[in-house]
Amino acid sequence: MNKKDPIHIKFMQRCLDLALLGLGQTYPNPLVGCVLVHKGKIVSEGWHQKKGEPHAEVLAIQNLKNKSILSQCTLYVNLEPCNHFGSTPPCSDLIILSKISKVIIGCYDPFKEVNGKGIEKLKANGCEIVFGVLEEEAKELNKRFFTFHLKKRPYIILKWAQSLDGFIAPLKNKRSAKEPFWLSSDTSKLHSHLWRSQEQSILVGVQTVIDDNPKLTNRKIKGSSPLRIVVDLKGRIPKDSIMLRDDNPTLLFSSKKEVSNKEVIITDPKNVLPKIMSVLYEKNIQSLIVEGGTKTIQYFINNNLWDEARTIISPKEIINGIKSPILGGKVKSRIQIEKDVLQISIPLPKKGF
């Protein structure tokens, strides 16, 4: 069986489409979709919807109405079936128990408890395996999961809006209100809230809190809000800041213990980024949006600590203001959002996982 067979590609793409429905809901588990095919047609499907709930393979098998044809079906799944007991039993065991003889897989699972063991078990029990169908697309879908397990840190998304002439905001002496300065359109703002519902954490520097007093929550899209992170090494965060007064989880990185109802991580100013990465890895945080001002974003860029940048380019001009970050990298795509342009960039060189 050929992994480039158009039939395999067709059904694996369906797995990827199903898996994507769980984005933002499955952490710390990966995004997985599964279809059962009988005589060239999909007869059942499922996707992992939330940690602790059935995996995609389990749902696809459970959802099959005519169980008598189960042993004649081919199972397609974008990620190697698990081989360990976590919140749920191993999917590889269920596949074997169901007497499914053909399993088509997108990519391997980098989690140390799986990482090839699921495939080995299936083969040892007589399953015919086709591996690597839409492999790169499957890895891209689970880029957060792969980055977390292979690099021991969250997948990092830099995000900012800038004017057509390259500024992120007017100079401070030209701003009167202590609130965010908006360059992007309402539709672009909606995208920002969508991203907050999809990622696990969001970070700003303390100057952004001082200048803008942001909420950094998801208020426009169904879904949860990310863990808020403030880098405040000198303890300058205003005590009346929204982020200190509301009930949303917030993590402060500071060189001194602050009087706050939020969790404070004492941090050496010379070791800020390694400390943040270490703490987020320990907390099982797989993705991070870095917002804030140019200084904070540029710090991540200069330390080569980013995986993707999302820049909203407004048609507005500021003429004289705070310069936007200098990114480099490769422009992956440009998408029109009303009058704004969303530019997605990735680092160079792109070496994969």
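The values are calculated or read from the model by the stated rules, or taken from the named source; none is laboratory data. Owing to the predicted nature of the structure, the values given are computational and were not obtained by experimental measurement. Positions of Cβ are backbone-derived with ideal geometry, glycine not excepted, and every protein chain shown enters the neighbour counts. Just so you know, the surface numbers come from the protein's heavy atoms only, side chains and all, with ligands and any DNA or RNA stripped out. Shrake-Rupley method; radii C 1.70, N 1.55, O 1.52, S 1.80 Å.
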Self-check item: Estimated dipole of the range 170-322 in Debye, rounded to 20 [Cβ of Lys and Arg +1, of Asp and Glu -1, Cα centre]
Solution: 340
Quiz prompt | Positive dipole terminus of the range 1-106, leading residue within Pro89, Gly40, Leu20 (C-beta point charges) | solution = Gly40
Quiz prompt | When the range 270-347 is reduced to its Cα atoms, the Kirkwood hydrodynamic radius in Å | solution = 14.4
Quiz item: Picking from Pro249, Ile344, Val230, whose Cα lies most toward the positive end of the charge dipole for the range 209-353 (charges on Cβ: Lys, Arg +1; Asp, Glu -1)?
Solution: Ile344
Quiz item: For the range 187-221 and the range 50-72, what is the separation of their Cα centres, given in Å?
Solution: 37
Quiz item: Past the 23 Å Cα-Cα mark, which pairs from Lys112/Lys139; Lys51/Lys112; Lys3/Lys39; Lys189/Lys262?
Solution: Lys189/Lys262
Quiz item: In the range 46-175, if every C-alpha pair distance is counted and binned at 10 Å from zero, what percent goes to each bin?
Solution: 11, 36, 26, 9, 8, 7, 3, 0
Quiz item: Length gain on complete extension for the stretch Ser278 to Val331, per 0.36 nm per residue less the alpha carbon to alpha carbon distance?
Solution: 16.2 nm
Exercise. Please list Ile346, Ile104, Ile221 in order of solvent-accessible area, largest first, computed with a 1.4 Å probe with all protein chains present.
Key: Ile221, Ile346, Ile104
Quiz item: At each listed q (0.10, 0.14, 0.22 Å⁻¹), what is the log10 of I(q)/I(0) that the Debye formula gives for the range 1-85 modelled as equal alpha-carbon point scatterers?
Solution: -0.23, -0.45, -1.03
Quiz prompt | Glu308 long-range amide H proximity, modeled H, under 5 Å | solution = Ile156, Leu158
Self-check item: Accessible area expressed per residue, the range 292-353, with surrounding protein chains retained (probe 1.4 Å, Å²)
Solution: 58
Quiz item: Leaving out ligands, DNA and RNA, what percent of the accessible area of the chain is carbon and sulfur, probe 1.4 Å?
Solution: 52
Quiz prompt | the range 212-353, relative contact order in percent, only Cα pairs under 8 angstrom and at least six apart counted | solution = 14
Exercise. Select from the range 201-299 those GluC sites (Glu not before Pro) which occupy a DSSP coil region and have at most 16 other Cβ atoms within 10 Å, ordered by residue number.
Key: Glu258
Quiz item: Where does the Debye-calculated log10 I(q)/I(0) of the range 38-101 sit at q = 0.19, 0.21 Å⁻¹, using only Cα point scatterers of equal weight, no solvent?
Solution: -0.69, -0.84
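Run through the range 1-78 and list the trypsin sites (Lys or Arg not before Pro) located in a DSSP loop whose Cβ has at most 16 other Cβ atoms within 10 Å.
Counting only loop positions with at most 16 other Cβ atoms within 10 Å, the trypsin sites (Lys or Arg not before Pro) in the range 1-78 are Lys3, Lys4, Lys39, Lys50, Lys51, Lys65.
Run the numbers for Leu21 and Asp5: contour at 0.36 nm per residue of separation, minus the present Cα-Cα distance, in nm. Display every interim value, and only then the final one.
Numbers: separation 16, 0.36 × 16 = 5.76 nm, distance 2.52 nm.
Difference between extended and current length: 3.2 nm.
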Quiz item: Quick one: how many Å² of Asp165 are accessible to a 1.4 Å probe, rounded to 10?
Solution: 40
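Calculate the dipole size of the chain relative to its Cα centre from +1 charges on Lys and Arg beta carbons and -1 charges on Asp and Glu beta carbons; express the result in debye to the nearest 20.
Rounded to the nearest 20 debye, it is 360 debye.
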Exercise. Assign unit charges at the C-beta atoms only (+1 for Lys and Arg, -1 for Asp and Glu), then state the dipole size of the range 102-221 relative to its Cα centre in Debye, rounded to the nearest 20.
Key: 460
Self-check item: Contour minus Cα-Cα distance for Lys50 and Gln62 (0.36 nm per residue)
Solution: 2.7 nm
Self-check item: Using a Förster distance of 41 Å, the FRET efficiency for Lys112-Asn213 (Cβ separation, nearest 0.05)
Solution: 0.45
Practice problem: Output the pairs from Lys41/Lys152; Lys239/Lys283; Lys172/Lys283 with a Cα-Cα distance over 28 Å in this structure; if there are none, say none. | Solution: Lys41/Lys152; Lys172/Lys283
